[in-house]
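The values are calculated or read from the model by the stated rules, or taken from the named source; none is laboratory data. Since we're looking at a predicted model, the values are computed, not measured. Here Cβ is always computed from backbone atoms with ideal geometry, including for glycine, and neighbour counts include all displayed protein chains.
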Amino acid sequence: MDGVDKKPGLDITTQELYDYLAKNTQAKITTSQVSPADLTDTFREGLKRAKHVLYIPISQGLSSTMSTAIAIARQDEFKGKVTVYQSNFITP
């Protein structure tokens, strides 16, 4: 937001984003793919709480996050423990 990185659910809530946009009508909002390091950390955290992680990213047609998730899930550390599912709920 206006040059400051915010992670949804961690650094900013949906309501905070809506409030910010309502007050700052000229705000510049951009999106980016989750970093491989952040996704790896997320999988590790999930596996501390459960035996298996099911990751459902946004459609591959809209983001390359799915490809990144698949590559990470294929690493020895996560084989058989992380499933990446293509939902097609949100498609281009």
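Miscellaneous remarks
- Some residue of the range 28-49 being at pLDDT 85 or above, charged (D, E, K, R), assigned by TED's automatic domain parsing to the domain that holds Val4 and closer than 30 Å to Gly3 by Cβ: no
- Some residue of the range 16-25 being closer than 18 Å to Val82 by Cβ, without any contact (Cβ under 8 Å) to a residue 12 or more places away in the chain and assigned to a loop (DSSP other than H, G, I, E, B): no
- Val4 vs. criteria without any contact (Cβ under 8 Å) to a residue 40 or more places away in the chain, touching a helix residue (DSSP H, G or I) at 6+ places or on another chain (Cβ under 7 Å) and more than 16 Å from Tyr85 (Cα to Cα): no
- Of the residues making up the range 2-26, just one is at positive phi and surrounded by 10 or more Cβ atoms within 10 Å (Cβ to Cβ), namely Asp2.
- Selection count, the range 46-85, where residues are under 20 Å from Leu10 (Cβ atoms), crowded, with 18+ Cβ neighbours inside 10 Å and among the β-branched types (Val, Ile, Thr): 4
- Asp2 being in a loop (DSSP other than H, G, I, E, B) and modelled with pLDDT of 90 or more: no
- Residue within the range 31-45 that is among the polar types (S, T, N, Q), loosely packed, with under 12 Cβ neighbours inside 10 Å and more than 17 Å from Thr68 (Cα to Cα) present: no
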